[in-house]
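Quick notes on the structure that follows.
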Amino acid sequence: MEAQDNRAAAIRYLQDALARTPHADWSGEALVEIGRMFLDDEKLTAAQEVLTRALSMRPPPSSVYPLLDRLAEARMAKGDTASSWKTWLMLVEGGGPEALRAWRNIVTSYVEQGKKRTTGQILSALSSQPFSAVQARTLLDVLTIPNRNRLVRLLGMQPAGSLLSPYLSLAIGDRLAENNQQRKARKAWRTAADLARKGNPSVGAPDVVASEAAHRLQKVAPSASFRIGLLLPLHGKFAPLGENLLQAAQKALLDYRDANMTLVVEDSIDKGDVEGPTRRLLSRNVNVILGPVFHDAAMTASALAAVHGVPILPLNPNQDIIQTAYQTMRGASQVTVSTEEEGGEDPIALTSPHVAAGDAQSVPAPQAPQEKTFSIRSERTDGSPEVRSLVLLNAFHPEHQAQKMARFSVLEARRRHVAIMAPDTKYGRVISQAFGEEMRKLGGHVARTVLFEKGSLDFSKWLKTLVHLDPDSLTRRAKNSRNIKILDPADSPTPARASKLPPWTDFDVLFVPTTAPTARLIAPQASFFNFHAHEITMLGIPLWNRQALLQEGTDYLQGAVFCDLSDQKKLRFQGMFHEVWRKKPTTLAMLTYDGVAVLGQLLRDQRLGGPTWHTAWHRPEGFRGSGGRVRFTEQGRSLRHYKLYTVGKKGFEAYASDSEEAPDGLIPEAPESTPSRSRNFN
C-alpha cells in the first residue's frame, strides 16, 4: 500500500510538471514514467492514454515501445483481445524496434486463441494497410506451429475475401503433404494461389502466397538443388540406427520438397575413420553437413568442416566439439582432447539403447578416459565465417533438461532442498552439475550428491549415504546422540548401538537422472529407507519416458515428475514417419528430421526475401521442429521445449500446472489442447 501511495504521489508530481512545461525535452520520458507506474498499479486505461501520447511525439522516446508491448500483454492476460491487438498494431505502424515482435504477437495470439467472434476484429485491425514482405514471411512462419485441424477450423471462420484465407490454405497444404496426402495438398496449394490472385491490395503481399504455392506445385530441377551431406553409421552394429536416421532425413526432404534440397550420404564408420568420408562430402561441394552421431567422429568431422567454411550440425551434445573446431580454425595442426567412451544408457555419448525402432541393443563396456590426438590440416581462409555459425550442435542437451527440472523444483513445487543420485559416468556428472548450478542460482540448496556405479542392481550403499546411515555418518551421529551412551568419548559406537539410529533426510527432492529400468529399481529400495512420496518428490529426465518404468514398482514412483518433449508432437512425428516407412522412428531420428527441416525453412525464408540461409541460424523465433520449436544459441547449442509429466496411477500424465517457460528466450509453445495421458510416449 505504501509503494502504491508513493507511485500516486510521483504521478501527480510529474503531471503537474508536464502541465507547466508540456514541451520540455524531458516530457516524453516523463509520460513514459507515468505510464510505467500506471502499469505497476494495473491501471491499464490510464496507461494506454499516456503511452499513446508518448508514442505520438516526434521522435517518440525509445522506452515507450517495450511498455506498450507490456500493456498489450497485460490486456491479453485479462481477455481483452481486441485492445491488445490495437495496442500491438500501434507498434507495428510506428515501425519502432518492437514492430516485428508486435506483429508476431498479433498473428500468434489469433492463430492460437482466435474464435469466430474475434475473427472480424483481427481482420479489421489488419486491414489498415497491406502486409509487408517481412510481415508475410512472419505470418507464414507462425502458421507452421498449429496442427492441421486447428488450421482447418481457422479457415472455416474466415468470411469471403478474408486476407488470411490464402495463407491458411497454403499452410493446410503443407500439413497434408507432411502426412503423405499429396493429392489433397496440391488442391490446397492451388486454392491458396487462386485466392491470392483474386485478392485486392489489402490482402497483403498476395504475390508471396502465389509464389510459394507455385513453388510447391512445380517439380524443381535436381541440378539446381541445395546439397546436404549426411554422415551416418551405415554399417556394423549401428547400421539400423543409421538407416532410421537416414529415413527421417528423407521424410523431411519430402515435407520441404519446394526447398529443392538433395541428400549426399556417406558412411561415418567407413574403415573406422570419419576423415575420409568427410573429405569426400566436401569434395562433392555440399552446402552443409548433418551428423555424425558419435563423439569422436563428430569431433573430427566438425573440425574438418569448419576449416573449409562448411556449416556442420553434429548429432551430439558435447561442447568440446565446438572448442576443438575453434582451436583448429585458429591454425593448430594437432588438437589433443580427453575422451571418455560411454555405454548405451548415456545420451551424452548418443549410443542410444533405441538402436532399432524401440529394440534394446547391448553396447561396449565403459573404458577409462584417454587422450586422443586429431591431426587436421587447416585449409581455412581469412574470409571463413565464425565458428559459432559453422558448428551447431543439433542434439538433446542434458544440461537443459537439468535446468528445466531445477526450475520446476524451486518455482513450481516450491522445494529448495534437494539431493542428487546419478550414475558415475560423464553424463551423470554433467547433468548433476548443471542441476546443482541451476538450483543454487534459484536460491536452492543441494544437500548431497551421490554417484552410483553403472550397472548396479543394489543401491542400498548409496541410499544409506543419502539418509545418513553410511558408516561415517553413523559414527558422527552416534557420538552426538543422547540415546547412545559411550563410556570413552574417544571410542566409536558399536555397530549394534549405531544400528538403532533411524534414517533421516535433509532434503525434500531427489533428482535421479538415469534410465527408466534403473529408476524403477531405485524407487522401491528408497522406500525401505523411509523415502515417502508425499515427503520427497523424485525428479527424472526424458530417459524415464519408457514402458520399462511402468512394469513393476510403479507404486513407489507415484507423483514423480520428469520432463520430455511434447508427447503430442512426438506421436504426430511417429505417425508421419510410420505413414512413409511403416516402422517406428528412434528418438534420435527427430534430430536428423529437424536438421533438414531447419534448412528447408531457412531456404524458404531466403526465397521470400529474407536473410541468406547461412546468416540466420540464430534467429530468435527459432524453427519448427518435430518435437516443437528449436533454436540455435550464439554458443552453438540447440534449445528445445521440454514439458513436465508425472507418474500417475494409469501411466504418464501431463503435469497440470506446467508453466510453459521457454529456455533462454525461445518463443513459448502453444498450450496443448487437453492434458495428455499415455502409457508410453516412445
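Note the full-extension length gain between Ser62 and Ala77 as 0.36 nm times their separation in residues minus their Cα-Cα distance, in nm to one decimal.
Gain on extension, Ser62 to Ala77, equals 3.0 nm.
Using a 1.4 angstrom probe and counting only protein chains, how large is the accessible area of Glu621 in Å², to 10?
About 40 Å², rounded to the nearest 10.
Only sites in a loop by DSSP and with at most 15 other Cβ atoms within 10 Å count here; which chymotrypsin sites (Phe, Trp or Tyr not before Pro) in the range 1-47 make the cut?
Values: sites: Tyr13, Trp26, Phe38; in loops: Trp26.
The qualifying sites are Trp26.
Using a 1.4 angstrom probe on the protein heavy atoms only, line up Tyr326, Tyr655, Tyr642 by accessible area, largest first.
Tyr326, Tyr655, Tyr642
Using the eigenvalues of the Cα gyration tensor, what equivalent ellipsoid semi-axes result for the range 89-242 when each is taken as the square root of five times the eigenvalue, whole Å, largest first?
Ellipsoid semi-axes (Å, largest first): 33, 19, 17.
May I ask you to derive the FRET efficiency for Asp320 and Glu579 from their Cβ-Cβ distance with R0 = 41 Å, giving the value to the nearest 0.05? Provide the component values of the computation, followed by the final result.
Numbers: r = 38 Å, r/R0 = 0.94.
Computed FRET efficiency for Asp320 and Glu579: 0.60.
Could you list the trypsin sites (Lys or Arg not before Pro) in the range 1-84 that lie in coil according to DSSP, counting only those with at most 13 other Cβ atoms within 10 Å of their Cβ?
Lys78
Could you give each residue of the range 91-103 its phi-based ³J(HN,Hα) in whole Hz, using Karplus coefficients 6.51, -1.76, 1.60 with θ = phi - 60°, and x for Gly or Pro?
In residue order, the calculated couplings are 5, 4, 5, x, x, x, x, 9, 4, 5, 4, 4, 4 Hz.
For the pairs Lys237/Lys584; Lys251/Lys584; Lys251/Lys583; Lys454/Lys643; Lys184/Lys570, flag any whose C-alpha to C-alpha distance is greater than 20 Å. Mind dumping the intermediate values first?
Details: Lys237/Lys584 18 Å; Lys251/Lys584 13 Å; Lys251/Lys583 13 Å; Lys454/Lys643 27 Å; Lys184/Lys570 24 Å.
Flagged as over cut-off: Lys454/Lys643; Lys184/Lys570.
For Gln113 and Lys649, calculate 0.36 nm times their separation in residues minus their Cα-Cα distance, and state this gained length in nm to one decimal.
Taking 0.36 nm per residue and subtracting the Cα distance, the gain is 189.8 nm.
Leaving out ligands, DNA and RNA but keeping every protein chain, what accessible area does Thr81 have, in Å² rounded to the nearest 10, with a 1.4 Å probe?
Counting only protein heavy atoms, Thr81 exposes about 30 Å² to solvent.
Heavy atoms only, probe 1.4 angstrom, no DNA, RNA or ligands counted: give me Leu31, Leu246 ranked by accessible area, highest first.
The ranking, largest first, comes out as Leu246, Leu31.
Pop the C-beta distance of Leu457 and Asp273 into the FRET formula with R0 = 45 Å and round what comes out to the nearest 0.05.
Working: r = 38 Å, r/R0 = 0.84.
The computed FRET efficiency comes out at 0.75.
Out of residues 5 or more away from Ile289 or on other chains, whose amide H comes under 5 Å of its own, with H placed 1.01 Å from N in the peptide plane?
Sorted by chain and number, the residues that satisfy this are Gly229, Ile312, Leu313.
Taking the range 410-449, which trypsin sites (Lys or Arg not before Pro) meet the DSSP loop condition and have no more than 12 other C-beta atoms within 10 Å?
Sparse-neighbourhood loop trypsin sites (Lys or Arg not before Pro): Arg414.
How would you classify the range 1-117 from its alpha-carbon gyration tensor, with a ≥ b ≥ c the square roots of the eigenvalues: rounded for a/c under 1.5, else prolate if a/b is greater than b/c, otherwise oblate?
oblate
Taking Cα centroids, how far is the range 1-76 from the range 434-451 in Å?
So the two Cα centres are separated by 41 Å.
How large is ³J(HN,Hα), in whole Hz, for each residue of the range 180-191 in order, when computed from phi with the Karplus curve 6.51 cos²θ - 1.76 cosθ + 1.60 and θ = phi - 60°, using x for Gly and Pro?
Values per residue, Gly and Pro as x: 6, 9, 5, 5, 5, 5, 5, 5, 5, 5, 5, 4 Hz.
Would you calculate the separation in nanometres between label points at Asn285 and Asn147, each defined as 7 Å from the Cα along the Cα-to-beta-carbon direction?
In this crude label model, Asn285 to Asn147 measures out at 4.4 nm.
Enumerate the amide H contacts of Arg629 below 5 Å, restricted to partners 5 or more residues apart or on another chain; note that Pro and chain-start residues carry no placed amide H.
Residues meeting the amide H criterion: His641.
What distance in nm separates the simple spin-label points at Gln15 and Gln433, each placed 7 Å from Cα in the Cβ direction?
5.7
With a point put 7 Å past each Cα toward its Cβ, work out how far Ala239 is from Leu254 in nm, to one decimal.
Inter-label distance under the simple model: 2.4 nm.
How much solvent-accessible surface does Ser211 expose, in Å² to the nearest 10, with a 1.4 Å probe and all protein chains in place?
50
Pulled fully out, how much extra length does the chain show between Lys43 and Gln182, if you take 0.36 nm times their separation in residues and subtract their Cα-Cα distance? Can you show the working numbers first?
Working: separation 139, 0.36 × 139 = 50.04 nm, distance 5.23 nm.
Stretched out fully, the Lys43 to Gln182 stretch lengthens by 44.8 nm.
The values are calculated or read from the model by the stated rules, or taken from the named source; none is laboratory data. Keep in mind that what you see is a predicted model, and the values were worked out from it rather than measured. A quick note on method: Cβ atoms are made from the backbone with ideal geometry, for glycine too, and the neighbour counts reach across all protein chains shown. Please note that ligands, DNA and RNA were not included when accessible areas were found on the heavy atoms of the full protein model with its side chains. Shrake-Rupley method; radii C 1.70, N 1.55, O 1.52, S 1.80 Å.
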